[in-house]
Amino acid sequence: MRVGFLSHADCGRHDTGWEHPEHVGRLRAVTRALRNKPELWETVDHLEGRHAAPDELSLAHTPGYIAMVQQRSAAGGGRLDADTVLSEGSWDAATAGAGCVLDAVDRAASGVNLRSFCAVRPPGHHALSDRAMGFCLFGNVAIAAHYARARHSFGRILIVDWDVHHGNGTQALVEHEPDIHFVSMHQWPWYPGTGAASDRGPHDSVWNIPMPAGRKPEDYMEALERGIDAATDGFVPDLVLISAGFDSMYGDRLGGFTLQLEHFEQLTTSMVARAESWCGGRLVSSLEGGYVPDRLGEACITHLAALA
Ligand SMILES: [Zn+2]
């Protein structure tokens, strides 16, 4: 079984400017790091994903919001919230980002690539149904979860989010569906301020794990594994989705967690083993945060190698 490495040239067309932490250099660093590992480069399938169609985005977003993003992009872009900007290429980038994840779900369903990593931007886990937020335009992983249920026979979905920030958008977009279980570990108190442990969603299908900054890595690892155990107690997922944010790594400019490369390797290996025991190994991972480009590249490559 070969692992899919999905990306899209259009993801580079979301132009936020070099001063913005979520700039195009992040993805370039991932490709660069992969090129420096020829044995891994040879092992994975390099794939350009497709663009998500508006009716696919509407699995999680309102038609009015989708049309607004398209129109504002076409008109040259602008600022959507305090830290989320739109450029002329942002519509193509955001639909390519979401489309890569949908493509990866199709590949997991057909068995062509049971596991994939999607190196995409903009990230998605803060985006709300009718509003951009926190560098995110469309909820790539949330859309993929609804898509997997609607287009494939995957009834139960597990989403694990290890980005240092709470996946508030993902939670908002999936919490009404009791068969999508969502686990998010995040720094607390921290942006965006949501994600208290007591917030379990209307169906108790959300496991929020708020953690202080600066703890030893083992504390984060243990807390997340415990959360995943709880979310899958009596619930066997048909597909595993990972919101792979690497801003939970030591030294990130936007977070205070202390995870190192070895911990992402360990987490990935654990998720692969779990997916194998639950659902034939079907797992789709999508890039969220991670704001020190060279470190991000290394982390993505470590993650990808552990998937492979
Ligand atoms: Zn983040």
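Here are some notes:
- Odd one out for T43 among (1) open to solvent by 50 Å² or more (accessible area, probe 1.4 Å); (2) of a type in the set (V, I, T); (3) in contact with a Leu (Cβ under 6 Å, 6 or more places away or on another chain): (3)
- Of everything in region 81-129 that is in contact with a His (Cβ under 6 Å, 6 or more places away or on another chain) and aliphatic (A, V, I, L, M), the residue that is most open to solvent (accessible area, probe 1.4 Å) is A109.
- Among strands (runs of 3 or more DSSP E) entirely within region 170-270, having at least 1 residues that are free of Cβ contacts under 8 Å to residues at least 40 places away in the same chain singles out 180-187, 206-211.
- Residue selection: D103 satisfies the criterion of being at pLDDT 95 or above and charged (D, E, K, R).
- Extreme residue, surrounded by the fewest Cβ atoms within 10 Å (Cβ to Cβ), among residues of region 231-256 that are more than 18 Å from the chain's Cα centre (by Cα) and among the aromatic types (F, W, Y): F235
- Considering only residues in region 271-293 that are out of contact with any Gly (no Cβ under 7 Å at 6 or more places or on another chain) and assigned to a loop (DSSP other than H, G, I, E, B), the one that is surrounded by the most Cβ atoms within 10 Å (Cβ to Cβ) turns out to be R282.
- Every condition in (1) under 16 Å from I157 (Cβ atoms); (2) open to solvent by less than 20 Å² (accessible area, probe 1.4 Å) is met by H263 except one, and the failing one is (1).
- Residue that is at negative phi, surrounded by fewer than 15 Cβ atoms within 10 Å (Cβ to Cβ) and in a loop (DSSP other than H, G, I, E, B), where the choices are R50, R2, R28, R32: R2
- Counted residues, region 25-55 - those being in contact with a helix residue (DSSP H, G or I) (Cβ under 6 Å, 6 or more places away or on another chain) and acidic (D, E): 0
- Matching option when the condition is in contact with a Cys (Cβ under 7 Å, 6 or more places away or on another chain) and more than 16 Å from the ligand (Cβ to nearest atom), among D238, D204, D199, D229: D238
- Once region 140-169 is narrowed to residues that are assigned to a loop (DSSP other than H, G, I, E, B) and within 14 Å of the ligand (Cβ to nearest atom), the residue that is nearest to G256 (Cα to Cα) is V164.
- Qualifying residue in region 73-95 (condition: touching a residue at least 60 places away in the same chain (Cβ under 8 Å) and closer than 28 Å to W278 by Cβ): no
The values are calculated or read from the model by the stated rules, or taken from the named source; none is laboratory data. Since the model is a prediction, treat every value here as computed from it, not as a measurement. Virtual Cβ from ideal backbone geometry, glycine too; neighbours counted across all protein chains shown. Just the protein is used for accessible areas: all its heavy atoms, side chains included, with ligands, DNA and RNA removed. Shrake-Rupley method; radii C 1.70, N 1.55, O 1.52, S 1.80 Å.
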